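Down below is the structure, laid out as structure tokens.
The values are calculated or read from the model by the stated rules, or taken from the named source; none is laboratory data. Every value quoted in this text rests on a predicted model; they were computed, and no experiment measured them. Glycine also receives a Cβ, built like all others from the backbone with ideal geometry; neighbour counts cover every protein chain displayed. The area values use the complete protein model at the heavy-atom level, side chains included, leaving out ligands, DNA and RNA. Shrake-Rupley method; radii C 1.70, N 1.55, O 1.52, S 1.80 Å.
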Amino acid sequence: MNFNVGLKEIEKNNLKHIYFICGKEKYLSQKLQEALTKKILGEENNDTNLTIFNNDVDLNELIATIETVPFFGGNKLVIVKQTSLFKPANKKGKNNKKQNKTAENFLMTSENTSTNLETKLENLFSKIPEDSYLVFISEDSPDKRLKVYKILEKHAAIIEVNPLKGWELKEWISNRLNNENLSFTYEAKEYFLLCLTLMPEISLDLINNEIEKISLYVDKQTKITLPILKNILAKLPETSIFTIVDSLAKKDLKETLNALNEQISTGTHPLQILAIMARQVRHILVTQELVNSGLDAKEIMKNLKLPEFVVKRLINESKIFSKKQLEKALVDISALDHNLKTGSASLAEFEQILIELCS
């Protein structure tokens, strides 16, 4: 099940005794942990009945922890973070027996076998005490072929916390703003979302922190305008880099160079700026090629796996630059990346790339 379904079930007290939370979105994972802790241990959140293992633990110790009677009554919650129990093997072509070695190495003592592991887990999961709850957490997707996963699947609620898609992200941001009694103007909303798309990975934790900063900044004001938003987000690398990208699209060399120098002067490493620049130029070039091959916006969205509003902007930008400009920019960016890593680069090289794109 996904995050929303899982959270609703928890909030309705439809609790399972075993959970597996898997996926890379840490913010959503943390929200599920908080909801489970509140429902299982109560509002007072009695830490004496909460046990957290930050890595996989010996299976015998895990069983003993779960079967220990809770202090002062109530429920017991055991959380195993960063578990590798259901993780795929590193090498391809391994059969289930070899894949189960991964679990053996982390959750078993040396005298046990994979068969013993499966038997013990089956016994643990099927006979977990009524007052005990067990939660496994992993950023990795599980290997559903593993026997240990099939055992888990029979007894546990499995909740996936994957990064949100474009339309989901817009909805999540709107809901989060509503919780703070805030809303964006159209221009501010588009600007915020476009800045986010420049990130290699969009972190809800980061977005949540920025929304909290916005809430503190505006105090009693409820409408967030573009100037206010730009001022709040000024220190985010993606904001200045978006300014670079935006001014490039307008062929405004002065604004482009000012944005570059401002970002470097605030301490952002040129490699970080360059990585985002490379991704953006690559997207524009690919979009240009797809448009020339006859694809429409919806088909380009599927190819690039980007939201519609981003693709529309890329289509417009693809008309501004020549293919030769974009290809040369990527070659120059690659060379500058190498020079930066070897310590032989200068700011002038970076500026020259921007100058040529603005020409």
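Values as computed for the structure displayed
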| read-out | value |
| --- | --- |
| Near pairs, Cβ below 9 angstrom, 6+ apart or cross-chain, from region 249-262 (under 16 Å from Leu347 (Cα atoms)) to any residue that is aromatic (Phe, Trp, Tyr) and modelled with pLDDT of 85 or more | Leu260/Phe350 |
| Some residue of region 49-59 being at pLDDT below 70, charged (D, E, K, R), out of contact with any helix residue (DSSP H, G or I) (no Cβ under 6 Å at 6 or more places or on another chain) and not in a helix (DSSP H, G or I) | no |
| Selection from region 36-48 of residues that are open to solvent by 80 Å² or more (accessible area, probe 1.4 Å) and modelled with pLDDT of 90 or more | Lys38 |
| Ser322 out of contact with any Leu (no Cβ under 9 Å at 6 or more places or on another chain) and either among the charged types (D, E, K, R) or open to solvent by 60 Å² or more (accessible area, probe 1.4 Å) (or both) | no |
| Yes/no for Asn75 being more than 15 Å from Phe20 (Cα to Cα), at pLDDT 85 or above, touching an Asp or Glu at 6+ places or on another chain (Cβ under 7 Å) and of a type outside the set (A, V, I, L, M, F, W, C) | yes |
| Members of region 178-214 that are crowded, with 19+ Cβ neighbours inside 10 Å and touching a strand residue (DSSP E or B) at 6+ places or on another chain (Cβ under 8 Å) | Phe184, Ala188, Phe192, Ile214 |
| Restricting region 1-38 to residues that are out of contact with any strand residue (DSSP E or B) (no Cβ under 9 Å at 6 or more places or on another chain) and basic (Lys, Arg), the residue that is nearest to Asp140 (Cα to Cα) | Lys24 |
| Residue selected from region 215-245 under the condition small (Gly, Ala, Ser) and in a helix (DSSP H, G or I), by the criterion most open to solvent (accessible area, probe 1.4 Å) | Ser215 |
| Filter pass, Tyr149 being more than 23 Å from Lys31 (Cβ to Cβ), aromatic (Phe, Trp, Tyr) and buried (at least 18 other Cβ atoms within 10 Å of the Cβ) | yes |
| Restricting region 329-347 to residues that are closer than 18 Å to Met277 by Cβ and out of contact with any Leu (no Cβ under 9 Å at 6 or more places or on another chain), the residue that is surrounded by the most Cβ atoms within 10 Å (Cβ to Cβ) | Asp332 |
| Odd one out for Lys312, checked against (1) touching a residue at least 24 places away in the same chain (Cβ under 8 Å); (2) within 20 Å of Cys195 (Cβ to Cβ); (3) among the basic types (Lys, Arg) | (1) |
| Condition met for Lys254 (over 22 Å from the mean Cα position of the chain (by Cα) and over 23 Å from Ala335 (Cα atoms)) | yes |
| Residue in region 93-107 that is exposed (fewer than 13 other Cβ atoms within 10 Å of the Cβ) and at pLDDT 50 or above present | no |
| Leading residue by the ranking (nearest to Val80 (Cα to Cα)) among those in region 1-35 that are among the polar types (S, T, N, Q), in contact with a helix residue (DSSP H, G or I) (Cβ under 9 Å, 6 or more places away or on another chain) and open to solvent by 50 Å² or more (accessible area, probe 1.4 Å) | Gln30 |
| Enumeration of residues in region 116-135 that are among the aliphatic types (A, V, I, L, M) and either in contact with a His (Cβ under 8 Å, 6 or more places away or on another chain) or over 12 Å from Ile66 (Cα atoms) (or both) | Leu117, Leu121, Ile128, Leu134 |
| Only listed residue being farther than 27 Å from Asp337 by Cβ, of a type in the set (Asp, Glu) and at pLDDT below 80, chosen from Glu308, Glu212 | Glu308 |
